[in-house]
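Here, each number is a calculation from the coordinates, and none is a lab measurement. Here the structure is a predicted model, which means the values were calculated and not measured. Neighbour counts are summed over all protein chains in view; Cβ atoms, including those assigned to glycine, are modelled from backbone coordinates with ideal geometry.
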Amino acid sequence: MRAEKYPRKTAATMSYINKPKFKHPQMQTNDIGLTRRDYEGTLTTLCGGCGHDSISAAIIQAAAEMSLEPHRVAKISGIGCSSKIPSYFLSKAHGFNSVHGRMPSVATGANIANKELYYIGVSGDGDSASIGLGQFCHIVRRRINMLYIVANNGTYGLTKGQLSATADLGSRTKSGEESQFDNIDMATLAIELGASFVARSFSGDKKQLIPLLQAGLSHKGFAFIDVISPCVTFNNTDFSTHGYKNTWENHIALSEVDFVPMREEITTSYAAGKEKEITLHDGSAIHLHKTSNDYDPSDKENALHHINAYKKQGKIATGLLYINQSTSDLHELQETVDKPLNSLGNQELCPGSEALNDINNTFR
Amino acid sequence: MSELIQSSRVTGLTKINDFVVKFANVNGSGSASANGMFAKAVFRMGIPISPHNIFPSNIQGLPTWFEVRINENGYLGRREGVDLIVAMNEQTIGKDIASVLPGGYVLYDSSKTLANELLRDDVTYLPIPLKDICLEEFEKPTQRQLFKNIVYVGALSAFLSIDFKVLTELVSDQFRGKEKLILPNIHALELGHQYASDNFDCPLNLRLEKSEKNKGKILMDGNTATGLGCVYGGATVAAWYPLTPSTSVVDSFAKYCKRLRIDAGTGKKKYSIVQAEDELAAIGIAIGAGWNGARAFTATSGPGISLMQEFLGLAYFSEVPIVLFNIQRVGPSTGMPTRSQQGDLLCCAYASHGDTKHVLLFPANPSECFDYAARAFDISDRIQSPVIVMSDLELGMNEQICDPLNWDDKSRYDRGKVLNAEQLEEIERYGRYLDSDGDGIPYRTYPGTHPHKGSYFTRGSSHDSYAAYTEDGTVYAEVMDRLTLKMKTAVNYLPEPEFSETTSNKLGLAFIGTTTSAINEVLDSLAKKGITPDTMRIRAFPFHDRVTEFFDAHELVYVIEQNRDAQLKSLLKIECNIHEEKMHSILSYDGVLITAQHIEKSIIDSMSDMDASGEVPA
Ligand SMILES: Cc1ncc(C[n+]2csc(CCOP(=O)(O)OP(=O)(O)O)c2C)c(N)n1
Ligand code: SF4
Ligand SMILES: [Mg+2]
């Protein structure tokens, strides 16, 4: 089930843009009879080579391979080049491009209204780490069952290349502006605030990103993926820590993941210590390949320690950074009914006139 | 001093069922429930009352007042001047005693002697040693403090001739489930009653007589009714951020949901309440839920409204239903957080940048708060746009006599134009923003409805009929024009203005919301002077055609409102093109409810000005 091998360090600015719609009769169908085309969106309007287009492509492939029903997904975003991503995948799914920095609240409301859909939130580093940092923190705390992706390019692409709050100290954009401040690391922040699934990846590393997306979608609870997604137009210099060059050279997977959908028999066996199988709530599984024996993604402190230690060496820790399968999501915490709230009607919701008369009597 | 007190007593005002009792207390001293008990007792005696809390933005230690107007005629507005003050706050006692009308009464705690400068010779003093009585009768320090309040209620029952049985029943009702508290409370009432009867000629000339005026009525505050209206209206999602005076809307929703919205089989909840991190998130959550087909609301006040502007524009332009309760308080900025005003009309009518317009509803009493809350969800679903219910602190947080809440079991929620999977099957090509019916209202779909039909991309950026992004100015303008048409259509679903019987008079009064409470009194009083204006109570925005017709039919209309800038008048000018000369503003913006006296005086003054200049009609 792993994605095809992607040659590292070759096409540094490559992205995979959707082809025009055309269904080849012999095109491969997935378990629910859909082809990759059924998971595509509209044609991208982003710059050629933008990392964000690779994220769209990875989501398309991840969803197709998992045989997700496109219409059972809701895509929600804020504002920015990154927030346009939901247009470019799953056109059979409803999408909501909301306002700058406020995707978390809209996603929260949507999720509360109908717990049965998959929710994919897509945001940028400006959207989630600056204007929307408050909302980001609170959606993590509220444990909304969704996949939250930040397409992180260290800059505000849409407003032409200002530094963002995720830009590392000393990182320089194309205009030569240098970051004078310490960066906000969305992944460690998410871990600290109680996210139950936290990963980091790179838009150029499809092999790593796709299984992480699939695991994040299958995970019950708040799944966060910080995807480094270079902005070729404004922040892809040799001095930018969010450019292709630096990311290729310095991203190190703490744990690589294979995703095994529920329907597949799990056959591989792994050497003890370095590999581990984790069964997710929906019956699918992830196989973890750890780069070092003492890396344990279920240990919060340990995860934070490793990420920070790598950062000191100028390295970017990627892969599945943290997972905790024993938390409850908001619906469980609030004990909402099993049926989606948006499906309840008069009968279930209105207490009627008799109850109202009793209430009136308490005000006499 | 006692000589003065004794001698002044004989000159007391004589008034039956028509006076104002004001309680001056210290915030956090436990007076609220005692004062409420007093108001409720008068209500249960069948006499119309209107209680008003005038409280500080503070938890403990600052002055707070509770003013109860008692009026057999059912005048529920505020009235200036106090007939009897219960002066329990040493910080304000000077001002409090000064507020009493000549011939009025001052009940105070005589455990400490009253300073000489506080003595007036035109009022009657009713000294009761509240602290001493409680020290002697009660053990615990908290009881000694709290029961001072109950003791004065007991004394008032003797002074004003409140049916003692009504009071004891109230105590039993209030402490049902906490029976241990009933006896000490009744004892405290008796102590007060006894002391007053033993030391004064009771009842006073100021007193109550049983009446039948409250038959069938209830006594309730607007926010409680609003929260309950949300339960009946089918709201399942509430998101909010605490803000006086809106907090009790969600408190009420939560309270009634716990009772009425629990699934019998599983014990699980048919609702969700999220205390958001701020008002931006609160309205964002409501919009997300509204978009996804749940009935969702948020409740806030001025500062929250300011924060919600961007999202309101999104909901307007992308056509997402949500209900917003604005319990208005005094602005600008933090203003006077615990005082009331109708100051957010303009900022809500056109909330957010660009060309926007929102439906506003103006409830005037708790029954209407209930009705409009429930109805707001139907309207919002029908027109796929925000509906803002414009209550205010006065209505939201004070109890008011009103008709019992009413629900028609035959009514069904109107979820508006929503396509299901079967309907989508029959459609060749679905367009989210297509105006198929020519009324400006398109059809929407909920996420997840159909495997390959009906999905669309919601956005706050310019879009065409198929929800696709566009920068084509013509297409954009078409959408904007459709939204104008939609707002016209919306008027058909809104409560119409309410009119008095037309006397084809030249004069009219136009007003909204809590101003209504003063109107009957104004009319009765003006009628005695031979002035009989017609009235129009506006109940919704955008305005109904009949609003314009009312102005057309009258030579001069007094537009009465509670803000500085005549915002209602501005809206009438903008929307109905009504000429400046046709309208005369009567304004009140000191943070307390507008009074009939103020309205009447403004009318009389303006008429004599006009008489003098020979301009307009009388
Ligand atoms: C309230 C508000 N302020 C400012 C903007 C302008 N704006 C649009 S996108 C953006 C930054 C986007 O950065 P990011 O989220 O990182 O997305 P990217 O374009 O880099 O993918 C800004 C500042 C806006 N749309 N709304
Ligand atoms: S400006 Fe940057 S982020 Fe935006 S589309 Fe172009 S490359 Fe991508
Ligand atoms: Mg960015």
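Let me know the charge dipole size of chain B about its Cα centre in debye, to the nearest 20, where only the beta-carbon of Lys, Arg (+1) and Asp, Glu (-1) is charged. Display every interim value, and only then the final one.
Numbers: 60 positive and 79 negative charges, 367 e Å.
Computed about the Cα centre, the dipole is about 1760 debye.
Just counting partner chain Cβ atoms within 10 Å, what average do the residues of peptide B:454-462 show around their Cβ? All intermediate terms of the calculation are to be shown ahead of the outcome.
Values: counts 3, 11, 4, 11, 7, 11, 6, 3, 0.
Going residue by residue through B:454-462 and averaging, the value is 6.
Name the GluC sites (Glu not before Pro) in the stretch B:210-290 that are in a loop by DSSP and that have at most 12 other C-beta atoms within 10 Å, would you?
Numbers: sites: B:212, B:277, B:279; in loops: B:212, B:277.
Here the sparse-neighbourhood loop sites are B:212.
State whether the protein assembly as shown is rounded, prolate or oblate according to the following rule on the C-alpha gyration tensor (a ≥ b ≥ c being the square roots of its eigenvalues): a/c under 1.5 gives rounded; otherwise a/b larger than b/c gives prolate, and the remaining case gives oblate. Can you show the working numbers first?
Details: a/c = 2.47, a/b = 1.86, b/c = 1.33.
Judged from the Cα gyration tensor, the protein assembly as shown comes out prolate (a/c at least 1.5, a/b above b/c).
Considering only the protein assembly as shown, what is the antiparallel percent among its DSSP beta bridges, to the nearest 5? Numbers along the way, then the final one.
On the way: 45 of 132 bridges.
If I count the DSSP bridges inside the protein assembly as shown, around 35 percent turn out antiparallel.
Read phi for every residue in the stretch B:564-569 and hand back ³J(HN,Hα) as whole Hz from Karplus 6.51 cos²θ - 1.76 cosθ + 1.60, θ = phi - 60°, with x for Gly and Pro.
In residue order, the calculated couplings are 7, 9, 6, 5, 5, 4 Hz.
Can you tell me the length gained on complete extension of the stretch residue B:263 to residue B:306, counting 0.36 nm per residue apart and subtracting the Cα distance? Mind showing how you got there, number by number?
Working: separation 43, 0.36 × 43 = 15.48 nm, distance 3.70 nm.
Full-extension gain reported as 11.8 nm.
Which distance in nm do the two modelled labels at residue A:362 and residue B:210 give, with both placed 7 Å along the Cα-to-Cβ direction?
Reported label-point gap for residue A:362 and residue B:210 is 2.8 nm.
For the stretch B:24-42 and the stretch B:351-371, what is the separation of their C-alpha centers, rounded to whole Å?
Spelled out, the Cα-based centre of one part sits 32 Å from the other.
Under unit Cβ charges (Lys, Arg +1; Asp, Glu -1), what dipole magnitude, rounded to 20 debye, does chain A have relative to its Cα centre? If you can, show how the numbers build up before the last one.
Values: 36 positive and 38 negative charges, 214 e Å.
That gives a dipole near 1020 debye.
Does anyone have the angle between helix B:31-44 and the longest principal axis of chain B? Alpha-carbon axes, 0 to 90°, nearest 10?
On a 0 to 90 degree scale, this one is about 90.
May I ask you to list the GluC sites (Glu not before Pro) in the stretch B:445-518 that are in a DSSP loop and have at most 12 other Cβ atoms within 10 Å of their Cβ? Working shown, then result.
Values: sites: B:471, B:478, B:498, B:501; in loops: B:471, B:501.
Taking the stretch B:445-518 and a limit of 12 other Cβ atoms within 10 Å, the loop GluC sites (Glu not before Pro) found are B:471, B:501.
Round to the nearest 10 and give me the degree value, 0 to 90, for the angle of helix B:366-383's Cα axis relative to the longest principal axis of chain B.
The two axes meet at around 10 degrees.
Can you compute the modelled spin-label distance between residue A:252 and residue B:181, with each label point 7 Å from Cα toward Cβ, in nm?
6.4 nm
Compute the Cα gyration tensor for the stretch B:167-235, then decide on rounded, prolate or oblate, letting a ≥ b ≥ c be the square roots of its eigenvalues: rounded whenever a/c is under 1.5, prolate when a/b is larger than b/c in the other cases, and oblate in all that remain.
Working: a/c = 3.68, a/b = 1.69, b/c = 2.17.
Because a/c hits 1.5 or more and a/b fails to exceed b/c, the stretch B:167-235 counts as oblate.
When DSSP assigns beta bridges and you keep just the ones with both residues in the stretch B:2-207, what percent turn out antiparallel, to the nearest 5?
Details: 15 of 31 bridges.
Close to 50 percent.
Which order do peptides B:352-359, B:171-178, A:318-325 fall in by mean Cβ count within 10 Å, highest first? It would help to have the intermediate numbers written out before the result.
Numbers: B:352-359: 17.1, B:171-178: 12.6, A:318-325: 24.0.
Those peptides, ordered most packed to least, come out A:318-325, B:352-359, B:171-178.
Under a point spin-label approximation (7 Å from Cα along Cα-to-Cβ), what is the residue A:276-residue B:478 distance to one decimal in nm?
Taking the simple label geometry, residue A:276 and residue B:478 are separated by 5.8 nm.
If you build a Gaussian network model of chain A, linking Cα atoms that sit under 10 Å apart, which residue out of A:255, A:130, A:292 swings the most?
For chain A, modelled as a Gaussian network with Cα springs under 10 Å, the answer is A:292.
State to the nearest 20 debye the size of the charge dipole of the protein assembly as shown about its Cα centre, where the only charges are +1 on K and R beta carbons and -1 on D and E beta carbons. List each step's numbers first, then the result.
Details: 96 positive and 117 negative charges, 490 e Å.
It works out to roughly 2360 debye.
How big is the antiparallel share of DSSP beta bridges in the stretch A:36-334, given as a percent to the nearest 5?
40 percent
Any chance you could check the Cα centroid distance between the stretch B:422-440 and the stretch A:336-360 for me, in angstrom?
A separation of 31 Å, based on Cα centres.
Enumerate the residues in the stretch B:72-96 having an amide nitrogen under 17 Å from the point lying 7 Å beyond the Cα of residue B:142 toward its Cβ.
So the set is empty, nothing qualifies.
Note the full-extension length gain between residue B:604 and residue B:466 as 0.36 nm times their separation in residues minus their Cα-Cα distance, in nm to one decimal.
43.9 nm
Which FRET efficiency value, to the nearest 0.05, is calculated for residue A:326 and residue B:278 with the Förster distance at 30 angstrom and r the Cβ-Cβ distance? Before the final figure, lay out the partial values.
Details: r = 30 Å, r/R0 = 1.00.
It comes to 0.50.
Please compute the contact order of chain A in relative form: average sequence separation of alpha-carbon pairs under 8 Å and at least six residues apart, divided by the residue count, as a percent.
16 percent
Would you mind getting me the FRET efficiency between residue B:121 and residue B:565? Use the beta-carbon distance for r and R0 = 45 Å, nearest 0.05.
Details: r = 44 Å, r/R0 = 0.97.
Given R0 = 45 Å and the Cβ-Cβ separation, E is 0.55.
How many angstrom lie between the Cα centre of the stretch B:295-335 and the Cα centre of the stretch A:110-152?
Each part reduced to its Cα centre gives a spacing of 22 Å.
So between residue A:289 and residue A:47, what do we pick up on full extension, going 0.36 nm a residue minus the alpha carbon distance?
Details: separation 242, 0.36 × 242 = 87.12 nm, distance 3.46 nm.
Value of the extension gain: 83.7 nm.
Round to the nearest 0.05 the FRET efficiency obtained for residue B:172 and residue A:238 when R0 = 56 Å and r is the Cβ-Cβ distance.
Numbers: r = 82 Å, r/R0 = 1.46.
Given R0 = 56 Å and the Cβ-Cβ separation, E is 0.10.
Relative to the longest principal Cα axis of chain B, at what angle does helix B:182-199 sit, 0 to 90 degrees, rounded to 10?
50 degrees
Filter the GluC sites (Glu not before Pro) in the stretch A:291-336 to those in DSSP coil with at most 14 other Cβ atoms within 10 Å of their Cβ, and list the result. Spell out each step's value before the answer.
On the way: sites: A:301, A:332, A:335; in loops: A:335.
Those that pass, being in a loop and sparsely packed, are A:335.
Evaluate the relative contact order of chain B (contact order divided by residue number), counting alpha-carbon pairs under 8 angstrom at least 6 apart; express in whole percent. List each step's numbers first, then the result.
Details: 1297 pairs, mean separation 73.0, N = 618.
Reported relative contact order: 12 percent.
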